[in-house]
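Beneath this line is the structure, given in structure tokens, with notes to follow.
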Number of protein chains: 2
Amino acid sequence: MLHKNADDIRQTLEDEIASGEHAPGTRLEELVLAKRFGVSRTPVREALRILSASGLIELKPRKGATVAPLSLERLVEMFEVMAEMEGVCGTIAARRMTTSELTFLRHQHFICAEAAQSGDADHYYAENARFHALIYAGCHNEFLIEEVQRLRRRLQPYRRLQLRLKGRIADSFAEHQAIVEALDAGEEEAAGRLLKAHISIQSHRFADWVSGLNATRLVPETT
Amino acid sequence: MLHKNADDIRQTLEDEIASGEHAPGTRLEELVLAKRFGVSRTPVREALRILSASGLIELKPRKGATVAPLSLERLVEMFEVMAEMEGVCGTIAARRMTTSELTFLRHQHFICAEAAQSGDADHYYAENARFHALIYAGCHNEFLIEEVQRLRRRLQPYRRLQLRLKGRIADSFAEHQAIVEALDAGEEEAAGRLLKAHISIQSHRFADWVSGLNATRLVPETT
DNA sequence: TATAAGACTTATGTATACAGACACGAAAGG
DNA sequence: CCTTTCGTGTCTGTATACATAAGTCTTATA
């Protein structure tokens, strides 16, 4: 892992944080990272600045960088925004998706069916992501897509957890079915409402799950 | 303007870009900025990285920083997302605003009335911003507020333009009236729909205005 | 005259050096 | 034995130095 440039380092750290490799609250020391990547502190610092701007890490003056410690409240807030934005995507996609885009979506839905039957959570997770990506694309709003995916990425480790809960995969797939039908019929309101609910459930399940613990700080799944 | 630190520099540049002082497409050279702020290139570079992460500037390797050149398409996309997010804020605020928050909102609405009658676009702009900020606060979702305000900030120079259009201030105020009533009555759907429309109008007027020019690149008002 | 190749200039990317702040620990005093 | 204070070390913030790539201008040749 030697001699990466600043952008490689940012990418690597981003992936590692998003995947939960660095738990929230973990201290990230410049010298340590510099040694690890085989570079000087300069590119490391620049990578950290960028990550701080996108909210993945917290950067306190003279106190260094820590992986953004997400409180339960904030996580719930983020899930709420995620659900709303997905709903918006659904509403817009319902009136903008082309017939060929709808064909692709139905095809992906079919693939999700197979993944769901296999029972492999990771497999379903991947195909599920593709399914949603197709809906995003159907918005024909690049900016919206970027924003949603940025948020989706930040919530990734916490979302992934959901699909491991009993029965969630089957439910998720059933919801997809309704969403596909709404999009197919061009029913804006329904598509938006269903997608929002689809994501909200993750949030509710998440809250249920976490209320079982007495933790105010959450440690995501370390894949 | 001598001897600022990296964060001061970021703040200053952010303000200057948001206010349109640096037109989109303008090149930002590290050495020039360093001289101007009386520091070395190091803090300037870090400020630029952060600005690039928040989308205000574009940072191409070996090609330096340019103020993000917003294409017309992208600007329209951003306005669309802005409208949707405001709508979401309205929906949520309608069911979460406390009576005291509603009192404050009505009070601010009254102040907007005075500003509207004065005919001073800048004055109305400022009070209008406070009005919307109160609705944001009514969401009780800090994360959503941060995201909306980030976007609002980026669109600031283009939004400001709208209020100078003939009759826009009166229309805007009338729309506020309906929004206040919906929030007061706790009508989620209406509040969301009205707020979304309120912002969408800016987008439409903007598109109308810009279609008069044959420009693909836009230069915001340099206040 | 136009075009292409090569040197030169300039700006970015990275490394290193230095200064200062914060944290931890040891030692002294109560 | 506990508390407080001072010293030392470590990490961050900034400056400067060096390497390299992109762009430009000049010059030579067709």
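The values are calculated or read from the model by the stated rules, or taken from the named source; none is laboratory data. Quick caveat, the model's predicted, so the values are computed rather than measured. Cβ atoms come from the backbone with ideal geometry, glycine included; neighbour counts cover every protein chain shown.
Only residues that are within 11 Å of DNA strand D (Cβ to nearest atom) and of a type in the set (A, V, I, L, M): list them for region A:58-67, please. Quick ask: steps written out before the conclusion?
Going residue by residue through region A:58-67, those that are within 11 Å of DNA strand D (Cβ to nearest atom) are A:59-66.
Scanning region A:58-67 gives A:LEU59, A:ALA65.
When B:PHE143 is tested against (1) among the hydrophobic types (A, V, I, L, M, F, W, C); (2) surrounded by 19 or more Cβ atoms within 10 Å (Cβ to Cβ); (3) away from chain A (no Cβ under 14 Å), exactly one condition is not met: (3). Here the condition is being loosely packed, with under 15 Cβ neighbours inside 10 Å, not polar (S, T, N, Q) and not assigned by TED's automatic domain parsing to the domain that holds A:ALA174; of A:ARG62, A:ARG45, it holds for A:ARG62 alone. Just a yes or no: is a residue in region B:32-50 within 19 Å of B:ARG150 (Cβ to Cβ) and either away from DNA strand C (no atom under 13 Å from the Cβ) or more than 26 Å from the chain's Cα centre (by Cα) (or both)? So far as region B:32-50 goes, yes, one or more of its residues are within 19 Å of B:ARG150 (Cβ to Cβ) and either away from DNA strand C (no atom under 13 Å from the Cβ) or more than 26 Å from the chain's Cα centre (by Cα) (or both).
Does B:VAL148 fit the bill of being touching a His at 6+ places or on another chain (Cβ under 6 Å) and in a helix (DSSP H, G or I)?
Values: touching a His at 6+ places or on another chain (Cβ under 6 Å): no; in a helix (DSSP H, G or I): yes.
No, not satisfied.
Confirm whether A:MET78 is of a type in the set (A, V, I, L, M, F, W, C), in contact with a Gly (Cβ under 7 Å, 6 or more places away or on another chain) and more than 16 Å from DNA strand C (Cβ to nearest atom). Judged against the criteria, A:MET78 is not a match.
Region B:17-112 holds helices (runs of 4 or more DSSP H) entirely within its bounds, and those carrying 2 or more residues that are under 30 Å from B:ALA170 (Cβ atoms) map to B:72-96.
Look at (1) modelled with pLDDT of 95 or more; (2) within 13 Å of DNA strand C (Cβ to nearest atom) and you find that A:ASP7 fails only one, number (1).
Please verify whether B:GLY55 is within 9 Å of another protein chain (Cβ to nearest Cβ), in contact with a Leu (Cβ under 6 Å, 6 or more places away or on another chain) and not aliphatic (A, V, I, L, M), treating the condition exactly as stated. Considered against the rule, which asks whether it is within 9 Å of another protein chain (Cβ to nearest Cβ), in contact with a Leu (Cβ under 6 Å, 6 or more places away or on another chain) and not aliphatic (A, V, I, L, M), B:GLY55 comes out as no.
The single residue among A:GLY25, A:GLY38, A:GLY20 that is in contact with an Asp or Glu (Cβ under 7 Å, 6 or more places away or on another chain) and away from every other protein chain (no Cβ under 14 Å) turns out to be A:GLY20.
Can you run down the residue pairs with Cβ atoms below 7 Å, 6 or more apart or on separate chains, where the first is in region A:9-26 and closer than 16 Å to A:LEU161 by Cα and the partner is hydroxyl-bearing (Ser, Thr, Tyr)? That search, which allows pairs on different chains as well, returns A:SER19/A:THR223; A:GLY20/A:THR222; A:GLY20/A:THR223; A:GLU21/A:THR222.
So is B:ARG150 at pLDDT 90 or above and either among the basic types (Lys, Arg) or under 26 Å from A:THR91 (Cβ atoms) (or both) or not? Please lay out each step first, then the result.
Values: at pLDDT 90 or above: yes; either among the basic types (Lys, Arg) or under 26 Å from A:THR91 (Cβ atoms) (or both): yes.
Yes; evaluated as a whole, the condition is true for this residue.
Evaluate the following for B:TYR125: is it touching a Lys or Arg at 6+ places or on another chain (Cβ under 8 Å) and assigned to a helix (DSSP H, G or I)?
Numbers: touching a Lys or Arg at 6+ places or on another chain (Cβ under 8 Å): yes; assigned to a helix (DSSP H, G or I): yes.
Yes.
Among the candidates B:LEU33, B:LEU72, B:LEU48, the residue that is in contact with a helix residue (DSSP H, G or I) (Cβ under 9 Å, 6 or more places away or on another chain), free of Cβ contacts under 8 Å to residues at least 60 places away in the same chain and away from DNA strand D (no atom under 12 Å from the Cβ) is uniquely B:LEU48. When restricted to residues that are surrounded by fewer than 22 Cβ atoms within 10 Å (Cβ to Cβ) and either more than 21 Å from A:LEU155 (Cβ to Cβ) or more than 11 Å from chain B (Cβ to nearest Cβ) (or both), region A:75-99 contains 4. Restricting attention to region A:51-72 and to residues that are more than 21 Å from B:GLN11 (Cβ to Cβ) and in contact with a Pro (Cβ under 7 Å, 6 or more places away or on another chain), the residue that is nearest to DNA strand C (Cβ to nearest atom) turns out to be A:PRO69.
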